[in-house]
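Notes to accompany the following structure.
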Amino acid sequence: MHKLLFILLSWSMCLPFQATGAEPVSQARIIGGIETAPNELPWQAYLNMTFRDSEGARTFICGGVVISPVTVITAAHCMRNGQSLVAPEDVEVWAGITSIFSATSASAVRVESIVIHPNYNSTRFSNDIAVLKLAETLPDSARPIQLATSGEQAAADLEFANGWVDNAERVANLLVSGWGSTSVGDSSSGSTRLRQTLLSGVPDSRCDGMWGSSVTANDYSIYVCAGSTAPELARDSCFGDSGGPLVWQNPQAAGDSDFGLRLVGLVSFGEGCAGRLPGVYTQVATYRNWLASEVGGSLFTQVTPEFSRNPFTADYSGAGQGIPIAQPVASGGGSSGGGTMSIWVLCGLMVLACRRRGLGRA
């Protein structure tokens, strides 16, 4: 049985703030989702990281993505607790499951080594990607997803540019999933079953304009931005979803055995959950060469996987309705966050907090 524990993690002593006209407060962060059917998202991984120090042990959860039978990728920030890096032997991996009650110690896959991108910046969450090299093969129920190529990312970007409008319904062209928080105001509201929802890609330039200096033109190649499919629907990734998959469907390959599903992003950071601003994801296509250097060239010569369901055709009607949209943080400073999760605070023009959450075992 799992039980959420209180965590309080910060990289500085400053408090989040939001003054009129100032940079938006950014917090690390599925809201408005539906339950995932068995075998529907076989590339989704569930990670437990236990950090040990003189004060004891703290365990956190994150999402991950299967990219080969022995490789999972996730967000770099999931592998860190302040300045401490988690040891490979303290990371447990499960994939091909939908319920966390299937995540037993006996069924966990061990990690042989962890590689964090050498240019990862924990202040800005840039290059927020890490590789978990597994000591054993994942079960047959877990299947890798293909990584988007640069050409596919360009096609996706064009879709985002044509499908996004600020104040009306948008094209549902992205899928996000995880076991993270399901309530905007309660970070302890994680789901025991995998959940998923559809989002809409936000053009880079629009994301830049909304986020200000937190996301600039220099960042277009490393971030993918995604928001709800309609202004009144609360749909987003949330606390505990970090490192999980953001998936796009290549219409040119929709008839293939994998329905043309491509990994375009990893959950990285956002303004709370279902906030005013789009969520920001690590753009995976940018890191294909680096991943090949770590995993091997065979990464891109694997047989096209066969998936049993196309998650884009699931019934999302009503997903995100009736959930209050998160409001801006009040002017004048003070702490933010609620439930059992604090905001992870960073001083400077932007205040970023990642979407990891604490998890203990009874």
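What to note about this one:
- A simple spin-label model places the labels of TRP290 and ASP256 2.4 nm from each other, with each point 7 Å out along Cα-to-Cβ.
- For the stretch 157-183 and the stretch 268-328, distance of Cα centres in Å: 10
- Look at PHE312, PHE300 and count the other Cβ atoms within 10 Å of each Cβ; fewest to most, that gives PHE300, PHE312.
- For the stretch 34-301: rounded, prolate or oblate by the Cα gyration tensor [a/c cutoff 1.5]: rounded
- Residues in the stretch 258-283 reached by a label modelled at SER221 [backbone nitrogen below 14 Å; 7 Å Cα→Cβ]: 283
- For SER298 and ALA57, a Förster radius of 22 Å and the Cβ-Cβ distance give a FRET efficiency of 0.05, rounded to the nearest 0.05.
- Exposure proxy order (Cβ contacts within 10 Å, fewest to most) of PHE259, PHE101: PHE101, PHE259
- Annotation: the residues VAL215, VAL295, sorted from fewest to most other C-beta atoms within 10 Å of their own C-beta, follow the order VAL295, VAL215.
- Spin-label proximity, ASP166 to the stretch 203-217 - amide N less than 14 Å from point 7 Å beyond Cα toward beta carbon: 203, 205-212
Since every read-out is calculated from the coordinates, none of them should be taken as a lab result. Everything quoted here is computed from the prediction, not taken from an experiment. Counting neighbours? That spans all protein chains shown, and the Cβs are built from the backbone with ideal geometry, glycine included.
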